[in-house]
Amino acid sequence: MTNDVEYGRYPVARLAVPEWMLKVERLGRVYGPYDDTVIASTGPEIGSSKSAVNGAVVAAWDVSFEVAAGEALGLVGESGSGKTTVLRCLAGDVAPSCGEARLRTTEGDVSMFDLDSSARRRLRIDTLAVVYQDPAEGLKMNISAGGNIAEPLTAAGWRNFGKIRDRASELLTRTEVPINRMDDLVRSFSGGMKQRVQIAKALANSPSVVLFDEPTTGLDASVAAGVLDLIRSLLEEHRIAAIVVSHDFSVIEMLTSRCLVMQHGRVVENALTDQLLEDPHHPYTQRLVAAARA
Amino acid sequence: MRREPVLDVRRLNKSFVLHAVSDRTVVAFADINFTLSAGEHVALAGMSGAGKSSLLKSIYRTYRPDSGEVWLQIHAGEYVDMCSLTDAEVAAIRGHEIGYVSQFLRSEPRRGALEIVARSARQRGMTDHDAREAAAAALHRVGIEERLWDVYASVLSGGEKQRVNLAAGTVHPPRLLLLDEPLSALDPENRERALTLIASLTHRGVAVVSIFHDLEAIQRLASRVLVLEKGRLVAERSPDELDERLTSAAR
């Protein structure tokens with residue numbers, strides 16, 4: 001296939017690029033009343049996400065991106081840059097102020113922010129999963145590992161107790177949690193083990209999109225390495241569209257192929273991950289990379 | 001009749017703006033033009049700092065050129081301009097069409113050699129099973145013993161890493177192979193093996209752009225030499241009229 005327009009001297013090939021699974025357009029989240037003046041009074045040029053006009057906080061503004069199946073997109077930035085706000089808007093934990101997020105499902109494209117709360121919960125059960133930095137957000141600490149995993153399964157209509165146990169033990173095996181811990185309360189697990197249970201639970205209904213929010217932050221280095229390796233191999237096995245929020249370039253480098261860099265609520269740069277690390281353009285990205293390389 | 005080029009680099013410019021040093025601009029190279037056909041091997045020569053590695057990285061799009069075009073043939077008679085593709089398109093083209101072998105293995109943490117090379121083969125479109133077989137063959141070709149295949153590549157020696165890198169870049173012959181000092185850490189025997197491998201790829205139609213730090217490699221492998229000086233393409237030579245000063249060995 002060739003384009004009609006000849007570009008330069010060469011016939012231009014049309015490339016087959018995987019289509020998006022999740023498409024976010026002009027997402028914004030503002031705490032407090034806002035108008036154009038308030039928005040314009042925040043951002044990287046101003047040096048703050050808090051408006052001097054009325055004190056409103058523009059946590060995220062004009063954030064757009066696409067993620068395809070089998071692809072992992074990184075959201076990078078310091079704390080307060082707005083990356084977690086974006087993730088929480090997509091997760092449904094925070095209501096966006098404006099913008100759109102479309103998700104491709106077997107029943108067609110869904111505009112996530114237009115869904116009512118029950119449809120939104122449904123989506124979280126079988127299509128879009130989240131792995132939080134703090135396992136306490138994604139898991140119930142006073143329930144067993146198996147019980148935590150059973151939750152999304154029963155919510156998705158699983159009724160057979162034996163099948164639920166089989167699925168739970170399959171997921172725990174895959175995430176390298178000893179099966180003999182299946183009936184122990186998650187509270188009694190180590191940090192790394194909790195994170196593995198959270199990942200097992202997120203994968204329960206084979207979601208097409210998984211959002212990872214600083215999935216290894218706060219874990220000991222060797223434990224973090226094990227969890228990272230697990231995430232990496234899961235992303236390779238399943239054609240998941242993933243978003244990885246992290247301030248840690250080693251995590252981003254290992255898991256993602258493309259990235260957005262956020263500062264003061266705005267995307268200041270987006271590029272392939274190797275480009276950001278080797279040829280960062282924005283002053284903020286240059287500072288981040290220099291700090292990571294030091 | 002002239003053959004259609006595999007690569008056509010036109011008016012390519014790259015500079016860096018260093019924001020931490022009062023926005024100082026450093027020119028990596030300027031106004032680079034050259035073409036390359038299938039089965040041709042062009043070596044880049046010039047002093048260290050002349051812009052050779054930057055040029056390779058800009059073709060691969062690890063560096064984002066300021067302006068210019070990098071036309072790459074991806075099917076018979078069909079081209080893409082690497083400089084005007086989207087990020088996702090660049091990622092797809094890299095995996096499929098271009099092998100990039102740098103001096104150092106950018107070794108992913110906690111991966112074995114076989115896995116690294118097999119991954120590269122899968123990106124070129126091979127099935128899991130074929131990719132593993134191709135990876136095993138590629139590792140044999142560069143002389144990496146089987147007992148090292150599942151050892152984390154990060155703990156291998158410099159020369160072993162370099163050979164794993166070469167195996168990954170050549171596991172399934174790419175259309176374009178970019179070599180940035182791929183032999184610098186090899187002992188004579190392995191160096192000989194690598195030279196033979198690169199020559200055989202050129203023979204099979206792979207187009208190669210290379211940087212070697214020794215004259216002998218250039219003279220054995222390259223069909224043309226482009227000489228860079230302070231970011232400018234100043235001369236084109238035949239390999240046998242090259243002298244030592246123009247290789248980066250002068251560092």
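The values are calculated or read from the model by the stated rules, or taken from the named source; none is laboratory data. As the structure is a computational prediction, the values presented were derived from the model and not from experiment. Here the Cβ positions follow ideal geometry from the backbone for every residue, glycine too, while neighbour counts run over all protein chains shown. Each accessible area value is taken on the protein alone, full model and side chains, heavy atoms only, with ligands, DNA and RNA left out. Shrake-Rupley method; radii C 1.70, N 1.55, O 1.52, S 1.80 Å.
Summary of values
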quantity	calculated
Chain-alone versus full-assembly comparison, the range B:43-69, residues with accessible loss of at least 40 Å² (1.4 Å probe)	B:Thr62, B:Arg64
Largest-first ordering by accessible area, 1.4 Å probe, given options A:Glu151, A:Glu237	A:Glu237, A:Glu151
Rounded accessible area of A:Phe212 (nearest 10 Å², 1.4 Å probe)	10 Å²
Residue-normalised accessible area of the protein assembly as shown, expressed per residue, 1.4 Å probe, Å²	44 Å²
Helix-only [θ]222 nm of chain B, DSSP H runs n ≥ 4, -39500 (n - 2.57) each, per residue, nearest 500	-10000 deg cm²/dmol
Carbon and sulfur %, accessible surface of chain A computed with the full protein complex present, 1.4 Å	50 percent
Rounded to the nearest 10 Å², the accessible area of B:Arg141 at probe 1.4 Å	100 Å²
Heavy-atom accessible area ranking, 1.4 Å probe, most first, across B:Tyr60, B:Tyr79	B:Tyr60, B:Tyr79
Other protein chain Cβ atoms within 10 Å, averaged over every residue that makes up B:89-99	3
Cα-based Lys pair tally, the protein assembly as shown, threshold under 15 Å, eight or more apart or on separate chains	6
Average other protein chain Cβ within 10 Å of Cβ, residues A:246-256	1
Rounded if a/c under 1.5, otherwise prolate or oblate - chain A, Cα gyration tensor axes	prolate
Residue-level accessible surface for A:Lys23, protein heavy atoms, 1.4 Å, Å²	40 Å²
Highest to lowest packing among A:221-230, B:63-72, scored as the average C-beta count within 10 Å	B:63-72, A:221-230
In the A-B interface, the accessible area buried, summed over both sides, Å² (probe 1.4 Å)	3000 Å²
Shielding by partners - mean other protein chain Cβ count within 10 Å, residues of B:76-84	4
Cα-based shape type of the range A:1-160, given that a ≥ b ≥ c are square roots of the gyration tensor eigenvalues and the cut on a/c is 1.5	oblate
For chain B: rounded, prolate or oblate by the Cα gyration tensor [a/c cutoff 1.5]	rounded
